[in-house]
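One structure is given here, and the rest of the page talks about it.
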Amino acid sequence: MSIKEIIMALIWLALVSLLYVLKTGPNYFQSNEPKTVTIGQNVNLQTQSPATDDIQEPALPETIRTRVEIPNWLPEEMNFTEENLTADDLLTLAQLAIDNDHAFFPEKQNALFYLMAAKNANHDVPQLNELLDDLHARLYEAAAQAMLDYDEEKLTALTARLKSLAPDDPKIAEYTDQISTLFTLKKLTQETHELLRNNDLYAFNHEDAIHKFQQARQLDDEYPPLTELENQLLATISQQAIRAAEEGDFDVARAQLRILGGLNDNHPLYAATVQQVNQQKQQRFNYLDRQFYLAIQSLQLNRAEELLNKLEQLNLQADVIKPYQQQFIQAQTYGSYAVFDVLRDPLTQGGDGPQMVVLPVGTFFMGRADGPKYQQPAHWVNFKKAFAVGQHEITVDEFAEFIRISGYKTTAEQLNRSVVYNPRTGRFKNKHGINWRHDYLGKRADGNLPVIHVSWQDAQAYADWLAEQTGEAYRLLSESEFEYVLKAGSQEPFPWGVNPPPDNYGNLSGANDRLRGSRVRWREGVNQYQDGYWGPAPVKQFSSNVFGLYDLSGNVMEWVTDCWHDSYFRAPDDGLAWVNKGCEKRVIRGGHWGSALEEYHSSHRKQGPDSFTDPRLGFRVAKTLNP
């Protein structure tokens, strides 16, 4: 964890202790924040509710108020003998003090003092009790005003006088309680000022400016010094929120706004701060949005991931952030392509490679639980790496370009023979001089036919050459990839389902097909089907499957990368080819133009030596995306 992350964690933990107390504050980026408009797109930047909303923090503890003792105002013995003052003199002085608004102050020169002196001297003067009763009432009024003025010193002095005047007066306890409150308010206010000067806003033990302020307000929210103190606190928190937003730390800014609103969400500074933070957030969003898509377009995935993390830190609504997350996963998986894009990579020596279709990654059930042993056990395969597959089998023209540039000699050329179909007998036989240039009858092949008479070695050589020419990860399909694209999301026995295939489905051994110029028909063909071809058909003559691929079932069988295994026991479950070093038998998948019905089954598989050639066998290529 970096130093910055540690500091942020400490700040966040400190803020958590405040959030329960301030929990009634608004949700800042929803109901109370000013609305903003995103440049170039309509994006709602409302944020989600803070994670801290569900934290059950203890409430602010009750404030312990300062204990006060009301002092004795008058000495036990009052001696005026030296001044030779009579009762009449004291009453006269008292009345004069009252007339001059000195009922209780200054010390020893006020009406109450003179009257208490007269009372202490046991002067029996009728006017004395009347004046004392009047002062008693005046003292109540003065104390009430002192409380309104939050004058704890004056209220203390008045309470001391009341204690001397009427020791059993119940108002003494009321005033003493209020004095305690006033002294506590003064103490808390002073402590808050000091903590604020030291920028001590947050502490776990509540010994911080905000909690001290909250405690004072809990005692009396109309205490005048709290107004200025609140303004100072709000200004400090506002500055911190804006500074955090300017630095891109919107988690901190959001927490500061929550505290700010908890203190006073009706204060003009709160709305102004929310607006400034939102402006910073909008600007930050606009910048990150542009940079993210530039990174995606240039496939700078590390940069895109960094920007995505920063976008997520803005606490955007789920429907706003989700497209960015999907776009990143899309780029991470498929690079610059989208699913079902058709692509062709240029060759270094001119021209383009075969047409490829980008396929969706996913999971499928491979094999056949009720099939022969070599199709078992049925198992799940999960494709995590994206790949593209040739739209059709490699054609004669495409293979000819490989031969022209590379000078490669195929297996059939080296052996000077391959197998051809004999239309008179309906059988296949070896024939000299046959190679990739020929069709199934041994005649010159048209350029748009799938190349046949090629071994696995030849197919692998073509894929290696294509990878070298394009700089891309071309290869043969894995067996699981072939079955995945053949099934294309279906779990029916045959690629077309359970009923006879629809018209123009593919080059199959249709029961209604007939060899040209004869009455020969397929004995084990597909019932109620006719495609018009006997032998391989030009590529892309029939309908594509839902993945946009042609001739996966029918036309010609296809080589795949995998070595042959008698079952799927311990087969890979990630879509990769199952290859053992030095194996000589490879897997052949798919049906061909003369297959029996069972050979069109989606899980059908065959084997052949890697040097095997046949007029019913070709191949197509795959390309790993973002290898």
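The values are calculated or read from the model by the stated rules, or taken from the named source; none is laboratory data. Remember, it's a predicted structure, so these values are computed and weren't measured experimentally. Note that each Cβ is placed from the backbone with ideal geometry, even for glycine, and that neighbours are counted across all protein chains shown.
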In segment 319-333, is there at least one residue being modelled with pLDDT of 95 or more, touching a strand residue (DSSP E or B) at 6+ places or on another chain (Cβ under 8 Å) and of a type outside the set (A, V, I, L, M, F, W, C)?
no
Somewhere in segment 526-537, is a residue of a type in the set (D, E, K, R), assigned by TED's automatic domain parsing to the domain that holds Thr395 and outside any loop (DSSP other than H, G, I, E, B)?
no
Evaluate segment 577-594: report whether one residue or more is in a strand (DSSP E or B) and touching a Ser or Thr at 6+ places or on another chain (Cβ under 7 Å).
no
Go through Gln282, Gln275, Gln291, Gln239 for me and flag whichever is without any contact (Cβ under 8 Å) to a residue 24 or more places away in the chain, under 30 Å from Pro323 (Cα atoms) and not acidic (Asp, Glu).
Gln291
Exception for Ser509 within (1) out of contact with any Gly (no Cβ under 6 Å at 6 or more places or on another chain); (2) under 28 Å from Lys443 (Cα atoms) falls at (1)
Give Ala388, Ala331 a once-over and let me know the one that is crowded, with 19+ Cβ neighbours inside 10 Å and in a strand (DSSP E or B).
Ala388
Enumeration of residues in segment 199-255 that are within 30 Å of Gln283 (Cα to Cα) and either touching a Ser or Thr at 6+ places or on another chain (Cβ under 6 Å) or outside any helix (DSSP H, G or I) (or both):
Asn199, Leu201, Tyr202, Ser238, Ala241, Glu247, Gly248, Asp249
For segment 535-545, how many residues are touching a Ser or Thr at 6+ places or on another chain (Cβ under 9 Å) and closer than 22 Å to Glu598 by Cα?
1
Does segment 610-624 hold any residues that are surrounded by fewer than 22 Cβ atoms within 10 Å (Cβ to Cβ) and of a type in the set (A, V, I, L, M, F, W, C), and which are they?
Phe612
Just to be sure, is Lys540 surrounded by fewer than 24 Cβ atoms within 10 Å (Cβ to Cβ), assigned to a loop (DSSP other than H, G, I, E, B), modelled with pLDDT under 95 and in the same structural domain as Arg620 (by TED's automatic domain parsing)?
no
Tell me, which residue of segment 595-627 that is in a strand (DSSP E or B) and under 18 Å from Ile394 (Cβ atoms) is nearest to the chain's Cα centre (by Cα)?
Thr624
Given the condition under 15 Å from Val454 (Cα atoms) and either in contact (Cβ under 8 Å) with a residue 12 or more places away in the chain or touching a strand residue (DSSP E or B) at 6+ places or on another chain (Cβ under 8 Å) (or both), answer yes or no: does some residue in segment 561-581 qualify?
yes
Hey, Arg570 over 29 Å from Phe364 (Cβ atoms), in the same structural domain as His604 (by TED's automatic domain parsing), basic (Lys, Arg) and in a loop (DSSP other than H, G, I, E, B) or not
no
Over segment 491-525, the set of residues aromatic (Phe, Trp, Tyr), assigned to a loop (DSSP other than H, G, I, E, B) and closer than 30 Å to Val381 by Cα is Trp496, Tyr505
Test Ile405 against the stated conditions and say whether it is among the aliphatic types (A, V, I, L, M), assigned to a helix (DSSP H, G or I) and modelled with pLDDT of 95 or more.
yes
Which numbered condition trips up Glu492, out of (1) of a type outside the set (Ser, Thr, Tyr); (2) touching a Ser or Thr at 6+ places or on another chain (Cβ under 8 Å); (3) closer than 30 Å to Phe365 by Cα; (4) surrounded by 24 or more Cβ atoms within 10 Å (Cβ to Cβ)?
(4)
The condition from (1) farther than 19 Å from Tyr533 by Cβ; (2) among the aliphatic types (A, V, I, L, M); (3) out of contact with any Leu (no Cβ under 8 Å at 6 or more places or on another chain) that Leu449 misses is numbered (1)
Identify all residues within segment 536-583 that are over 23 Å from Pro372 (Cα atoms) and touching a Leu at 6+ places or on another chain (Cβ under 7 Å); write none if there are none.
Pro536, Pro538, Asn545, Phe547
How many residues are within 14 Å of Thr66 (Cα to Cα) and of a type in the set (Asp, Glu) when one looks only at segment 168-217?
2
